[in-house]
Amino acid sequence: DVKVTQSSRYLVKRTGEKVFLECVQDMDHENMFWYRQDPGLGLRLIYFSYDVKMKEKGDIPEGYSVSREKKERFSLILESASTNQTSMYLCASSLDGGATNEKLFFGSGTQLSVL
Amino acid sequence: LAKTTQPISMDSYEGQEVNITCSHNNIATNDYITWYQQFPSQGPRFIIQGYKTKVTNEVASLFIPADRKSSTLSLPRVSLSDTAVYYCLVGDWDDKIIFGKGTRLHILP
């Protein structure tokens, strides 16, 4: 089974702090994604990456950046955390950007609270 | 990217068959239809995927009519543990993978 591991299950940070959320997948997947999920809003795509050192903006990239230095690792960075970034963050990966039938594999999520 | 429309919520009883329909009027030729299931405090989990007609696996069936403008996820004989949010996605690899708000399915005893 594909394993997508997010470094923290729960995280509490203060406003203005720089926050790193780490995600690692163990199946040599090409693509990785970061979503946030808020009650009543479903999952919203923040950033995604189709290859090492490549990144694409999703629907809500403001206030976030990402890093993909190695194929298996995709980091989400909150440069200066704000209270409106309190949310559940979900990382996902998928096998091959050339396939027409993408299937996403998700981690368990990181519940981030910004105080 | 084809937009999808699905009911916000549904209730059913244990042992019943549940059908959740998703509308995707602007589906493109290359698009697949994919359904995910999400339990509270977990990431979504892939359930089933199809392109046309019918697909069945150990979890669910997916019915897709010839015009592909809608699809129906069918869960046979549901149990309380099937209470979850179900997402319908339509697209291909060239699209951003966008989730809507899903259908909140509540199974009653």
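The values are calculated or read from the model by the stated rules, or taken from the named source; none is laboratory data. Since this is a predicted model, take the numbers as computed values, not measurements. Counting neighbours? That spans all protein chains shown, and the Cβs are built from the backbone with ideal geometry, glycine included. Ligands, DNA and RNA are excluded from the accessible area calculation, which covers all protein heavy atoms including side chains. Shrake-Rupley method; radii C 1.70, N 1.55, O 1.52, S 1.80 Å.
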Count charges around residue A:6 for me, please; just the other residues with Cβ under 12 Å from its Cβ, Lys/Arg as +1, Asp/Glu as -1.
+2
Within 10 Å of each Cβ in B:37-44, how many Cβ atoms from other chains are there, averaged over the peptide?
5
Debye, to nearest 20: dipole size of chain A, +1 on Lys, Arg Cβ, -1 on Asp, Glu Cβ
360
Total charge dipole magnitude, the protein assembly as shown, about the Cα centre, Cβ charges on Lys, Arg, Asp, Glu only, Debye to nearest 20
360
Quick calc, chain B, dipole around Cα centre from Cβ unit charges on Lys, Arg (+) and Asp, Glu (-), nearest 20 debye, gives 140
Mind jotting down the distance between the C-alpha centroids of the range A:1-24 and the range A:61-96, whole Å?
8
Count the net charge of all other residues whose Cβ sits under 12 Å from the Cβ of residue A:37, scoring Lys and Arg as +1 and Asp and Glu as -1.
+2
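From the protein chains alone at 1.4 Å, what is the descending order of accessible area for B:53, B:83, largest first?
Working: B:53 90, B:83 50 Å².
Most to least solvent-accessible, the answer reads B:53, B:83.
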Label-point gap, in nm, between residue A:111 and residue A:51 - each point 7 angstrom along Cα→Cβ
3.9
Rounded to the nearest 10 Å², what accessible area does residue A:71 have for a 1.4 Å probe in the complete protein model?
60
So, for the protein assembly as shown, what is the accessible surface per residue at a probe of 1.4 Å, expressed in square angstrom?
50
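Taking the highest mean first, how do the peptides B:3-14, A:9-20 order by number of other beta carbon atoms within 10 angstrom per residue? Walk me through the numbers before you get to the answer.
Numbers: B:3-14: 14.2, A:9-20: 12.5.
By packing density, highest mean first, the sequence is B:3-14, A:9-20.
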Counting only protein chains, not ligands or nucleic acids, how are B:58, A:22, A:102 ordered by accessible area (probe 1.4 Å), most first?
B:58, A:22, A:102
Quantify, in whole percent, the carbon and sulfur part of the accessible surface of the protein assembly as shown (1.4 Å probe; protein heavy atoms only).
50
Amide N proximity, the range B:70-84 versus residue B:9 label position 7 Å along Cα-to-Cβ, cut-off under 16 Å
B:83-84
Along Cα→Cβ, 7 Å out, is where each label goes; now give me the distance between the ones at residue A:22 and residue A:3 in nm to one decimal.
1.5
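Would you rank A:44, B:104 by solvent-accessible area, highest first, keeping every protein chain in place and using a 1.4 Å probe? Walk me through the numbers before you get to the answer.
Numbers: A:44 70, B:104 150 Å².
Per-residue accessible area, sorted high to low, gives B:104, A:44.
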Between residue A:86 and residues 5 or more places away or on another chain, which pairs have amide H atoms under 5 Å apart, with H built 1.01 Å from N, and which residues are they?
A:114
